[in-house]
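Okay, so here's the structure we're looking at.
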Number of protein chains: 2
Amino acid sequence: MHVDVHSFSDTIVALSTPPGVGALGVIRVSGSAAIELTGRIFKGKNLQDQPGYTLHYGRIADEADHILDEVIVALFRSPHSFTGEDIVEISCHGSPYILQQVLQLLVRTGARLAKPGEFTQRAFLHGKMDLAQAEAVADLIASTHQSAHEVALRQMRGGISRQILALREELIHFASLIELELDFSEEDVEFANRDQLRGLIQRILGTIRHLSESFQLGNAMKEGVNTVLAGRPNAGKSTLLNALLEEERAIVSEIAGTTRDTIEESLTIQGIRFRLIDTAGIREAQDQIEAIGVSRTMEKIRESAILIYVFDVLETSAEEIAGDLQKLARDGLTILLAPNKMDLNPYTKPEDYISEWVDASHIIPISAKNAQNIPYLKEKLYATALAGARPEDDVLVSNARHAEALYRAGGALEAALNGLDTGLTGDLLAEDIRQALYHLGEITGQVTTDDLLANIFGKFCIGK
Amino acid sequence: MHVDVHSFSDTIVALSTPPGVGALGVIRVSGSAAIELTGRIFKGKNLQDQPGYTLHYGRIADEADHILDEVIVALFRSPHSFTGEDIVEISCHGSPYILQQVLQLLVRTGARLAKPGEFTQRAFLHGKMDLAQAEAVADLIASTHQSAHEVALRQMRGGISRQILALREELIHFASLIELELDFSEEDVEFANRDQLRGLIQRILGTIRHLSESFQLGNAMKEGVNTVLAGRPNAGKSTLLNALLEEERAIVSEIAGTTRDTIEESLTIQGIRFRLIDTAGIREAQDQIEAIGVSRTMEKIRESAILIYVFDVLETSAEEIAGDLQKLARDGLTILLAPNKMDLNPYTKPEDYISEWVDASHIIPISAKNAQNIPYLKEKLYATALAGARPEDDVLVSNARHAEALYRAGGALEAALNGLDTGLTGDLLAEDIRQALYHLGEITGQVTTDDLLANIFGKFCIGK
């Protein structure tokens, strides 16, 4: 792990509240000189004499003793602060002009404008949180719905980190035993019991697989699940969309301030957000314009995990459906088939529509008009998004970077397992285990590179 | 003074930071139950046991013990708070979703969403500030440049309030003496020495006039001074605009985040902002389009306090200028005449251009190209905006409502003065003085109506 310590010895400052006019705006100062620098521009009590976790009323004045604002200052002392450093939070009147003036004054006094995510990066470097927790802070701020909020909060509170650290510790123990063997390689001793090692690796692989499998759910909880709604004209797509959204619309309108995409509709089922993407009706492309419509539908499908194909049981034959599905199907896309207007044809048999693209459990006859079987369709949507994982599991992987590191750690451990079976030498075994340790360490940040840190924290907002 | 006390007995809550995504967002709770209500959703120390001016780390959890966020809570205890009531400020992660959830939870727990300005209104009603100071809080938040910020801060710190209160106190003394006379009216006594009263009223009238005169400057400092730049085509308007803005542009670009109107240019002279409005060149309207251009110029002039008329000394005759000025002049508009290209004709005599619309002191020969005399033109702009008032005066009237109240108080006192001269009876004299007291009291809020309060605080942002 390489860290440029010098860049973290200075005192940084940033506006931590959103830009714009408000009742108040908070400027955050962090670093060893935070209290001293703020003290120089603060007219009130001597901040240096005050304990942490206290508030102080006073005025901010510039070099010419010109009052800029009346403020409340919050004091946190190292190590009991977000960054682990001394922190001062200056609560000003929420005028962009004033906040800009106070920021500039602090810079003239000796603070440096913080880079995006630099406060959280300092928290990471001072051991206040690991890398997965730091990433969760950004996810938490970006969370726009319940499940995203929940996975971020779990991750921030250290769920995945604890599991990864536990796995690493056990592996490190064996790794050190194997390294010891290498020192005594001429003597052909075996400090690391091979059967115990095999058992351990299998156990760790099991956990890694379980975590990896949770990524589909974790990602769905965080990002939402893109779900395309397709069908021929007059199949009942709009009616189905309305039936799916009926309750939802009331809920959405209750919560002021939630932003909704105007083109897509958003549906939440047991906390998981589905982005319902309506498409133009599918039909044989008879002219160029219709061909464009089909290609747009295909584009949406490429970005989606689920396709709900709705059709009119009175109008559309199994052959026509098969023809459509053949065009729409692709790897990784789960197709739910919704034979519609079953109220007009109660003799609809789901098994008539089984094909190589849809199995029986994914066929849900409905009547969109009467909202029949809609709850069951929702259950199917939810189950498909979960794909076997349980959302109540304490630890969910929701971060693609973590999923990739787990995948690589698993690969290294499988190589080690093969090596054990084929009697691989200790040094090659040690190398596989070191690889697994490396990739596990990437998740929590025991192993980092400047590029990785820059990439992670560069996506934060300034002031965090 | 009538106040609906009941509506202020409950506990209010609002987001106090601007809406949007940020590192943090602050939710403010104020009222007698603020600490108890927050305590019910806060997992950490028992807030009720904690003293004011302290900070506490903990988690916010809903009724189902579901964690919503990790937060820092700031505690203020009545009367030592902004509103004078118990206040809790909850510093959350700056996700609109989380802030919305915490707000809704507090409402379910028993708080009420605050109306715009309700926190400040409570501060006023609990005697933490008078009405002029409360208005200054809104001005401070809205301030976008130095002088607006300065007048708001002065007013918030009680500048004008102290002067008005002092005037009122002296008047009240005499008013009570006169009222006493009325009780003994049959006995024809004179408790209130008429000469002393005349002296007092004259002194107060002097102060009121001084304050009223400061309104032009105060308003200019707060709102900026609209200044139209006009002239015939090729008179050098653009060159003059650039010369005026030359330094300014560098300064403006330094300050990130200051918003600039794209159509108008902004020029700051000794802290006073001039909004320079460029206009189409003036010429005889030969067709309809040009007539529209002229009428737009006239519209801009109606909204402005100063007109800079620039002309080419080589091309334009005094008669032509007089013709233009006749069209442009209107009451209340100060015209500055800028004979341009004096480098090409150093024999330009300002007095040649004196007319009924421009006096000698307002003629400033320049060379826009060489930036000659531009500093002098700026001085003239500044002096015109000041109109005799001194910006270093501690008390400036910057609020139109205050200016009107002063005008009415002055009118009542002049009537009283006339009454003294003409031997008006005590009861009519008392009525005039009561009128003056009423209008002075309107400024600081000793006298208010529900409408007035609703009008003032309704313009605040929510959360303040």
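The values are calculated or read from the model by the stated rules, or taken from the named source; none is laboratory data. Nothing here was measured: the structure is a model prediction, and the numbers come from that model. Using ideal geometry, Cβ is built from the backbone for each residue, glycine included, and neighbour counts are taken over all protein chains shown. What goes into the accessible areas is simple: the full protein's heavy atoms, side chains included, and nothing from ligands, DNA or RNA. Shrake-Rupley method; radii C 1.70, N 1.55, O 1.52, S 1.80 Å.
Looking across the range A:412-448 at every residue that is in contact with a helix residue (DSSP H, G or I) (Cβ under 9 Å, 6 or more places away or on another chain) and β-branched (Val, Ile, Thr), the one that is farthest from A:Arg162 (Cα to Cα) is identified as A:Thr425. On the given criteria, is B:Leu106 among the hydrophobic types (A, V, I, L, M, F, W, C) and surrounded by fewer than 23 Cβ atoms within 10 Å (Cβ to Cβ)? Spelling it out, it is not the case that B:Leu106 is among the hydrophobic types (A, V, I, L, M, F, W, C) and surrounded by fewer than 23 Cβ atoms within 10 Å (Cβ to Cβ). Considering B:Ala61, B:Ala14, the condition of being modelled with pLDDT of 95 or more, under 31 Å from the mean Cα position of the chain (by Cα) and under 20 Å from A:Thr144 (Cα atoms) is satisfied by B:Ala14 alone. Test B:Tyr97 against the stated conditions and say whether it is open to solvent by 10 Å² or more (accessible area, probe 1.4 Å), within 13 Å of chain A (Cβ to nearest Cβ) and in contact with a strand residue (DSSP E or B) (Cβ under 6 Å, 6 or more places away or on another chain). Spelling it out, it is not the case that B:Tyr97 is open to solvent by 10 Å² or more (accessible area, probe 1.4 Å), within 13 Å of chain A (Cβ to nearest Cβ) and in contact with a strand residue (DSSP E or B) (Cβ under 6 Å, 6 or more places away or on another chain).
Somewhere in the range B:150-159, is a residue surrounded by 15 or more Cβ atoms within 10 Å (Cβ to Cβ), at pLDDT below 85 and not acidic (Asp, Glu)? Yes, the range B:150-159 has at least one match. The set of residues from the range B:139-180 being more than 14 Å from chain A (Cβ to nearest Cβ) and farther than 22 Å from B:Ala409 by Cβ comprises just one member, B:Leu180. B:Leu200 meets each of the listed conditions (1) open to solvent by 30 Å² or more (accessible area, probe 1.4 Å); (2) free of Cβ contacts under 8 Å to residues at least 40 places away in the same chain apart from (1). Screening B:Leu131 against (1) crowded, with 20+ Cβ neighbours inside 10 Å; (2) more than 28 Å from A:Cys92 (Cα to Cα) leaves a single unmet condition, (2).
Pairs are defined by a Cβ separation below 6 Å, a sequence spacing of at least 6 or placement on different chains, a first member in the range B:124-138 that is under 13 Å from B:Cys461 (Cα atoms), and a second member that is open to solvent by 30 Å² or more (accessible area, probe 1.4 Å); no pair meets this definition. Of all the residues in the range B:321-351, those that are open to solvent by less than 70 Å² (accessible area, probe 1.4 Å) and outside any loop (DSSP other than H, G, I, E, B) number 14. Of everything in the range A:213-240 that is out of contact with any strand residue (DSSP E or B) (no Cβ under 6 Å at 6 or more places or on another chain), over 25 Å from A:Gln155 (Cβ atoms) and of a type outside the set (Ser, Thr, Tyr), the residue that is surrounded by the fewest Cβ atoms within 10 Å (Cβ to Cβ) is A:Pro233. Among residues of the range A:344-372 that are under 24 Å from A:Lys327 (Cβ atoms), those with a beta-carbon under 6 Å from a residue that is open to solvent by 40 Å² or more (accessible area, probe 1.4 Å) and aromatic (Phe, Trp, Tyr) at least six positions away or on a different chain give the pairs A:Ile364/A:Tyr376. In the set (1) within 11 Å of another protein chain (Cβ to nearest Cβ); (2) farther than 29 Å from B:Val151 by Cβ, A:Ile67 fails one condition alone, (2).
Yes/no per residue for (1) in contact with a strand residue (DSSP E or B) (Cβ under 8 Å, 6 or more places away or on another chain); (2) more than 10 Å from every other protein chain (Cβ to nearest Cβ):
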{"position": "A:Val88", "(1), (2)": "yes, yes"}
{"position": "A:Leu105", "(1), (2)": "yes, yes"}
{"position": "A:Thr120", "(1), (2)": "no, no"}
{"position": "A:Lys128", "(1), (2)": "no, yes"}
{"position": "A:Ala134", "(1), (2)": "no, yes"}
{"position": "A:Val137", "(1), (2)": "yes, no"}
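Note on the range B:396-464: enclosed helices (runs of 4 or more DSSP H) holding 3 or more residues that are surrounded by 22 or more Cβ atoms within 10 Å (Cβ to Cβ) are B:400-421, B:426-444. Scanning the range B:21-63 for residues that are surrounded by fewer than 19 Cβ atoms within 10 Å (Cβ to Cβ), closer than 17 Å to B:Gln104 by Cα and within 13 Å of chain A (Cβ to nearest Cβ) turns up B:Arg59, B:Ala61, B:Asp62.
Screening B:Phe124 with (1) within 21 Å of A:Val21 (Cα to Cα); (2) surrounded by 22 or more Cβ atoms within 10 Å (Cβ to Cβ) gives one miss only, at (1). Checked against (1) open to solvent by less than 10 Å² (accessible area, probe 1.4 Å); (2) within 30 Å of A:Thr144 (Cβ to Cβ); (3) more than 10 Å from every other protein chain (Cβ to nearest Cβ); (4) out of contact with any Gly (no Cβ under 8 Å at 6 or more places or on another chain), B:Val73 meets all criteria but (4).
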